[in-house]
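Nothing in this text is a laboratory measurement; each read-out follows from the coordinates by a stated rule. For clarity, every value in this text was computed on a predicted model and none was experimentally measured. Glycine also receives a Cβ, built like all others from the backbone with ideal geometry; neighbour counts cover every protein chain displayed.
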Amino acid sequence: MTACPDKAMLLEALLDGELDAIHAAEMEAHVAGCAGCRAALDDLTAMRLMLQTPGVREPAPERLKVRIAAGIAPSAAAANDDRPVSALRRRAPMAAFGGVVGLAACFALALIITPMLSSGALEDELVAGHVRSLQASHLIDVATSDQHVVKPWFDGKLDFAPPVIDLAQQGFPIVGGRLDYVDHRAVAAVVYKRGRHLINLFIWPEAKPAPAGRHTRDGYTLLDWSQGGMTYWAVSDVNPNDLTLFESLHQAHAPR
Amino acid sequence: MRSDDAETRRRFAALALPHADGAYNLALRLARSPETAEDIVQDAYVKALSGFDTYRGGDPRAWIFTIVRNRFYDWARERKLKATAPLSDGAEDDFDYWDPDQETPEDALARKDEAARVRDLVDRLPPRLREVIVLKEMEDLSYRQIAEITGAPIGTVMSRLSRARALLAETWKADREAVR
């Protein structure tokens with residue numbers, strides 16, 4: 001397909017940017033004077049454009065990313081060591097698991113990672129899944145108003161024991177809890193209710209004191225604080241004053 | 001001990017997770033089945049994590065892609081063995097992944113979609129040529145990286161890429177003429 005068979009591979013190396021400056025200059029000079037090679041280079045470029053047609057390269061499905069993240073999360077250590085079974089052989093149960101965790105993770109990541117992290121392909125895409133995940137009602141893995149049910153539910157699923165504080169008498173009953181994946185790690189999410197609004201409280205152990213504060217994103221209020229070696233992020237569309245009240249109440253009751 | 005492990009996992013996640021899209025694209029074009037590609041990638045990440053202590057720097061993308069590629073060929077080999085056994089498990093054995101001319105009914109249906117048509121062209125290449133096209137034209141890797149991933153010398157990478165492009169140009173032309 002080239003006019004100069006001896007130059008075919010050099011021509012491709014030129015296209016691929018693999019030639020050093022001297023050889024590149026030589027090839028460019030040759031192409032400038034050789035109609036056959038110029039046509040061949042045009043064909044190669046056209047094919048490259050064809051292969052880069054939008055949609056040809058399919059990104060990894062979010063459920064796969066979540067499955068991978070779940071396999072990496074510290075809390076997955078025990079499970080991995082016990083059953084080093086190929087995904088190709090255990091796909092059915094994993095797929096179901098991935099679906100549930102995936103939706104929950106999308107939700108959490110959308111709310112949490114957006115303000116915390118500025119970049120990252122994975123985060124960007126999980127954020128893109130935000131709207132879809134919000135529409136599904138996979139907010140809660142264990143639905144109960146009893147803190148004594150939520151707390152043991154986390155045991156064995158996380159490598160830390162998140163404080164689960166009952167604030168029902170103060171007007172913030174627990175709705176349930178679930179596992180989430182934030183910043184590449186498994187975290188606890190305890191869901192509280194205030195009137196008709198839900199509050200997600202994300203909890204993970206964090207040594208470094210994050211700058212505590214209030215943030216807003218897309219109509220949601222986020223409050224974060226550290227206490228007793230844990231980092232807390234409360235996320236809700238509830239009235240910001242109520243969320244501040246929630247924070248104070250939680251701080252008053254949680255271990256220091 | 002525990003926190004070391006957690007730290008290792010975090011380091012691994014930061015290093016390996018950004019390449020999940022590329023890993024999936026490679027697996028998908030090799031296996032030509034989304035379900036299998038997902039499983040291959042997931043297996044590859046599990047394997048990469050368990051071998052992370054032997055990872056001594058270098059290009060993390062090439063490292064992950066190498067494991068994905070190996071996992072695909074393992075899977076293909078297992079499947080080939082299974083396919084020759086009398087009790088094969090049906091549907092998936094219907095197509096022979098070594099046949100460059102195979103075209104699944106879904107592919108045929110999807111041909112009206114431009115992106116699907118391009119994927120179909122790539123999928124008709126033999127695997128050894130397909131993988132260099134994917135790594136070069138879709139993942140934009142260097143010859144050196146492709147050599148590392150495929151375990152072939154750079155000269156072999158160049159000649160495979162050249163053959164792949166020639167073959168692709170031919171099928172592309174035939175395809176366009178068929179559409180007219």
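Across the residues of B:19-25, average count of Cβ atoms on other protein chains within 10 Å?
Per-residue shielding by partner chains comes out at 6.
When you look at the Cβ of every residue in B:5-17, what mean number of other chain Cβ atoms sits within 10 Å? List each step's numbers first, then the result.
Details: counts 3, 9, 1, 3, 10, 6, 1, 2, 11, 4, 0, 2, 9.
So the per-residue partner count for this stretch is 5.
Order of A:36-45, B:137-146, A:14-23, A:190-199 by packing, highest average Cβ count within 10 Å first?
Working: A:36-45: 16.2, B:137-146: 19.6, A:14-23: 14.1, A:190-199: 18.0.
By packing density, highest mean first, the sequence is B:137-146, A:190-199, A:36-45, A:14-23.
Mind checking B:33-45 for the average number of partner chain beta-carbons within 10 Å of each residue's beta-carbon?
Average per residue, whole number: 6.
Using the Cβ atoms and a cut-off under 10 Å, what net charge is assigned to the surroundings of A:Tyr232, where Lys and Arg are +1 and Asp and Glu are -1?
-3
Using packing as a proxy for protection, rank A:172-178, B:123-129 so that the peptide with the highest average count of other Cβ atoms within 10 Å comes first.
Going from most to least packed, we get A:172-178, B:123-129.
Mind listing the long-range amide H neighbours of A:Val175? Cut-off is under 5 Å, sequence gap 5 or more, other chains count too, H placed in the peptide plane at 1.01 Å from N.
Residues meeting the criterion, in which the H sits 1.01 Å from N, are A:Val191, A:Tyr192, A:Lys193.
On a C-alpha basis, how far is the centre of the stretch A:1-60 from the centre of the stretch B:125-180 in Å? Whole number, if you could?
Centre-to-centre distance over Cα atoms comes out at 13 Å.
Which is farthest toward the positive dipole end of the stretch B:1-90 among B:Gln42, B:Leu30, B:Phe12, measuring Cα position about the Cα centre, with Cβ charges +1 (Lys, Arg) and -1 (Asp, Glu)?
It is B:Leu30.
Counting only other residues whose beta carbon sits under 10 Å from that of A:Leu10, what net charge do I get with K and R as +1, D and E as -1?
Counting the neighbours of A:Leu10, the net charge comes to -3.
Spelling out what I want: for every residue of the stretch A:186-202, take phi, set θ = phi - 60°, compute 6.51 cos²θ - 1.76 cosθ + 1.60 (Karplus), and round to whole Hz; glycine and proline get x.
Karplus values, whole Hz, x for Gly and Pro: 6, 10, 8, 10, 9, 9, 10, 10, 9, x, 9, 9, 9, 10, 9, 10, 8.
Go through B:Lys136/B:Lys173; A:Lys7/B:Lys80; A:Lys65/B:Lys173; A:Lys65/B:Lys80 and tell me which ones have a Cα-Cα distance over 31 Å in this structure.
Numbers: B:Lys136/B:Lys173 21 Å; A:Lys7/B:Lys80 39 Å; A:Lys65/B:Lys173 37 Å; A:Lys65/B:Lys80 28 Å.
Distance filter (> 31 Å) returns A:Lys7/B:Lys80; A:Lys65/B:Lys173.
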